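**Student:** Can you read through this structure? Questions will come right after.
Values in this text are rule-based calculations from the coordinates and carry no lab data. Bear in mind that the values here come from a model prediction, so they are computed numbers and not experimental data. All Cβ positions, even for glycine, are placed from backbone atoms using ideal geometry, and neighbour counts span all protein chains on display.
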Amino acid sequence: MNTALWIVQGILAMMFLMAGMMKIKQTKEEMAEKMPWVEDFSQGQIRGIGIVEVMGALGLILPMVTGIMPSLTAYAALGLALTMVGAFLTHVRRKDPMVPMGMMNVMLFAMAAFVAYGRF
């Protein structure tokens with residue numbers, strides 16, 4: 001079980017790190033073409049979401065690797081799962097096609113929930 005949790009944590013960390021860095025570095029206009037949902041948010045809110053995603057990605061890995069408060073990994077996973085609930089609700093509110101964005105949110109939610117459950 002521990003091996004499966006580490007694999008899922010690694011995948012989630014990479015995905016959220018990449019997505020978060022993109023939201024931090026790119027402008028709203030650069031992202032709008034590929035991610036129309038950004039039209040509903042300010043540049044600051046988008047960067048805030050990116051920071052949450054990067055911090056969550058780091059929280060999935062660093063506490064357990066360093067041995068410093070490894071219980072934080074479960075909380076990071078729980079936070080990312082809740083972030084995906086918010087993302088899914090945003091797509092529902094906007095009436096976006098559920099494939100692929102809504103399904104990606106559901107998949108990431110399930111993976112984060114698995115890690116949270118396994119690490120709690």
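**Student:** Within the stretch 1-98, report the GluC sites (Glu not before Pro) that DSSP leaves as loop and that have at most 16 other Cβ atoms within 10 Å.
**Tutor:** Answer in residue order: Glu33.
**Student:** Then there is this: Given R₀ = 30 Å, what would the calculated FRET efficiency be for Met103 paired with Val65, taking r from the Cβ atoms and rounding to 0.05?
**Tutor:** After rounding to 0.05, the efficiency reads 0.45.
**Student:** Then there is this: Do any trypsin sites (Lys or Arg not before Pro) in the stretch 31-120 lie in a DSSP loop with no more than 12 other beta carbon atoms within 10 Å, and if so, which?
**Tutor:** Listed in order of number, the matching sites are Lys34, Lys95.
**Student:** For the pair Tyr75 and Ile11, how long in nm is the line joining their label points, each one 7 Å along Cα→Cβ?
**Tutor:** With each label placed 7 Å out from Cα toward Cβ, I get 2.7 nm.
**Student:** Exposure proxy check: Val115, Val54 ranked by fewest other beta carbons within 10 Å? Could the numbers behind the result be given before it?
**Tutor:** Numbers: Val115 26, Val54 19.
Going from sparsest to densest Cβ surroundings: Val54, Val115.
**Student:** Here is a further query. From the square roots a ≥ b ≥ c of the eigenvalues of the alpha-carbon gyration tensor of the chain, which class results: rounded (a/c under 1.5), prolate (a/b over b/c), or oblate?
**Tutor:** The shape class here is prolate.
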